[in-house]
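Below is a structure I'd like to ask you about.
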């Protein structure tokens with residue numbers, strides 16, 4: 001375990017990095033070391049996936065980046081925007097479950113982070129409309145969660161993250177519980193959003209196929225305590241679409257990532 005004191009930075013130098021984890025370790029009071037030491041640098045506007053077996057610390061890494069947990073040792077630095085007024089937040093988090101308020105409409109669910117930041121309804125309205133349009137749910141603004149499919153609920157969760165105009169979007173297996181067709185469609189929609197909004201995306205998944213399809217880099221993690229075992233760049237023509245999903249290049253990258261992941265599932269260090 002690293003001996004340096006744990007810390008969280010408010011900004012990053014040099015410019016160009018959105019997230020920088022250096023020698024980060026996360027250990028719990030029961031003695032379990034969940035993560036690290038891990039070193040992770042993510043550039044502004046980059047789409048990166050964390051891939052690894054259950055319990056390897058992928059979600060823990062996201063929570064450290066989001067400031068929902070503190071490292072036991074090491075340094076976590078996250079770029080901060082110059083302005084954070086009117087409910088703007090540097091980080092948006094999309095969890096594994098939509099966690100929507102069942103009694104509230106789609107519009108009210110998306111408004112929640114702005115309401116908690118005391119942004120008036122009149123100021124919120126345009127931003128809510130824009131977020132719903134970005135995820136294709138404008139016509140469902142008055143609906144309740146019980147009236148939505150699983151994929152639509154996850155779109156609401158994504159809109160709620162986007163409404164704060166974050167620079168960094170953290171996504172913790174958001175599509176894992178969805179059927180394959182819905183998952184493919186949301187993968188395509190997420191890539192389109194990433195291209196148009198230029199967000200930094202750090203995406204946690206168990207799926208080799210999803211990680212290769214979405215990412216510019218796939219970071220394969222070891223079993224607990226999680227570390228970055230292998231980094232694989234996915235270099236393809238943009239924009240990606242169904243032709244990439246059925247291409248020889250895609251199959252080759254999936255094979256390469258699967259081979260890098262195999263030691264983690266066999267309990268070995270990579």
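Most fluctuating residue of 58, 199, 115 in a GNM of the chain with Cα springs under 10 Å: which is it?
Checking each option, the largest mean-square fluctuation is seen for 115.
Also: Stretched out fully, how many nm does the piece from residue 28 to residue 192 gain, at 0.36 nm a residue minus the Cα gap? Show your work: numbers first, answer last.
On the way: separation 164, 0.36 × 164 = 59.04 nm, distance 3.82 nm.
Value of the extension gain: 55.2 nm.
Another question, if that's okay. Figure the gain on full extension for residue 235 and residue 99 (residue separation times 0.36 nm, minus the Cα-Cα span) and round it to one decimal in nm.
Values: separation 136, 0.36 × 136 = 48.96 nm, distance 3.46 nm.
Residue separation times 0.36 nm, minus the Cα-Cα distance, leaves 45.5 nm.
Here is a further query. With a ≥ b ≥ c taken as the square roots of the eigenvalues of the C-alpha gyration tensor of the chain, please select rounded if a/c is under 1.5 and otherwise prolate if a/b is larger than b/c or oblate if it is not?
oblate
Which of rounded, prolate or oblate describes segment 69-205 when judged by the alpha-carbon gyration tensor and an a/c cut-off of 1.5?
Taking the square roots of the gyration eigenvalues as a ≥ b ≥ c, segment 69-205 is oblate.
Right, here's the next one. What nm value, rounded to one decimal, do you get for the distance between residue 258 and residue 115 when each label is placed 7 Å out toward the C-beta?
That separation, rounded to one decimal, is 4.6 nm.
What shape does segment 96-143 take by its C-alpha gyration tensor, where a ≥ b ≥ c are the square roots of the eigenvalues and a/c under 1.5 counts as rounded, a/b above b/c as prolate, and the rest as oblate? Before the final figure, lay out the partial values.
Working: a/c = 1.66, a/b = 1.14, b/c = 1.46.
Oblate is the answer for segment 96-143, as a/c is 1.5 or above yet b/c matches or exceeds a/b.
With a 10 Å cut-off between alpha carbons and a GNM built on the chain, which of 143, 73, 215 moves the most?
With Cα springs under 10 Å in the chain, the top fluctuation among 143, 73, 215 is at 143.
Normalising by the residue count of the chain, find the relative contact order in percent from Cα pairs under 8 Å and 6+ residues apart.
24 percent
Something else now. So if each residue of separation counts as 0.36 nm, and I subtract the Cα-Cα distance between residue 70 and residue 41, what length gain in nm does that give? Don't skip to the end; give the middle numbers.
Values: separation 29, 0.36 × 29 = 10.44 nm, distance 1.76 nm.
Here the segment from residue 70 to residue 41 would lengthen by 8.7 nm.
Each value in this text was obtained by applying a stated rule to the coordinates, not by laboratory testing. Keep in mind that this is a model prediction, so the values were computed, not measured. Because the Cβ atoms are built from the backbone with ideal geometry, glycine has one as well, and the counts that use them run over all protein chains shown.
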